[in-house]
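The values are calculated or read from the model by the stated rules, or taken from the named source; none is laboratory data. Keep in mind that what you see is a predicted model, and the values were worked out from it rather than measured. We place every Cβ from the backbone using ideal geometry, glycine too, and count neighbours over all the protein chains shown.
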Amino acid sequence: MLTEVLLVVSGLAILLVAGDLLVRGAVGLAAAMKIPALLISLTIVAFGTSAPELVVTIQAVVTGSDGIALGNIIGSNVANVFMVLGLPAIIYPVTTHVVGLRRHAVIMLIATAAFCAAAYTPPGHINTPIGAALFCAILAYVLYMLLRALNSPEREPVIDEVEEYIADDKISVKTILFIVAGLVGLPLGAHLLVTNGSTLAADLGVREEIIGLTIIAFGTSLPELATVVAAALHKKSDVAIGGIIGSNIFNIFAVGGAAGLAGTAVFDPDSLRFDIPVMIVAAIILSAYVFTRKDIGRLAGAAMVIAYGAFIYYLAQSTGVL
């Protein structure tokens, strides 16, 4: 079992590093080709930062590990709200007074509702038609943001800056090496993660969703957590909330869509009873703060972190791990 744990952690590490290298290399290449920064942000950065989740999901569905694929989506959205926003809020309150944030919160709720419809409508799965619909939704969302950004002086709160990813203003050996390393590392990391995650679940006698909901979901949320904590330390936590909402939308539309396009991912009954309702509650809580424009203070942040700890504890206890 220790071997599987080490390989899962190694797979996560490879995924995160490879994903970052691929984004940096692709952004550098696009910048060298004089592609506008806005377009780079909405395509390469937006999809590239979700590459680890996308590759893991495709690998999991193709190999029949539906629980890991769907658990990763659900667990990531829960972790994004309760941990990735909660922990920085303890350091410095997270403001929701961000222009344009409400419309993205609405889209997040629509995405959550679509995901729940697939889960609770018999036969309770994401297949090719549903996956295609979800993926079309993410393409429409990106197009919507592009048109908004081009026709409005307001900065879209979920659009990432590209400057931090650009190392050179021309095509270099480093750029090519980054792209190659990313393309090689992503499938390798996904293979290690999914294969050993499934074995670990079998060794522990738990459903595969537990691995996706906990280890994989938390691990793939670490880059967002690091970014948001750094922003909080510099008292700029307002940049966090837009990224979290955007990440949750991408998790459902892009990663969920990839799950359906790669095959058929079936929801586990236990997910319907507990995991997805927690994801719904997380989305509603986040949206409530956005719609009321109430800051997420230190007390609320502490409550969110405690809620995430309780979520993980319940999963561990209910499956006999603790």
- Can you spot a residue in the stretch 204-227 that is crowded, with 24+ Cβ neighbours inside 10 Å, within 22 Å of Phe291 (Cα to Cα) and not charged (D, E, K, R)? no
- Tell me, yes or no, whether the stretch 20-29 has at least one residue that is over 28 Å from Lys174 (Cβ atoms) and of a type in the set (Gly, Ala, Ser). no
- Message: among the hydroxyl-bearing types (Ser, Thr, Tyr), surrounded by fewer than 24 Cβ atoms within 10 Å (Cβ to Cβ) and touching a helix residue (DSSP H, G or I) at 6+ places or on another chain (Cβ under 7 Å): is that true of Ser76 in this structure?
- Response: no
- Are there any pairs, at least 6 apart or on different chains, whose C-beta atoms fall under 6 Å, with the first in the stretch 135-153 and among the aromatic types (Phe, Trp, Tyr) and the second part of a helix (DSSP H, G or I), and if so, which? Phe135/Gly257
- Message: Here are the criteria: (1) modelled with pLDDT under 95; (2) over 19 Å from Ala258 (Cβ atoms). Tell me which single one Tyr141 does not satisfy.
- Response: (2)
- Message: Residues that are among the acidic types (Asp, Glu), more than 21 Å from Ile126 (Cα to Cα) and in contact with a strand residue (DSSP E or B) (Cβ under 9 Å, 6 or more places away or on another chain): does the stretch 235-253 have at least one?
- Response: yes
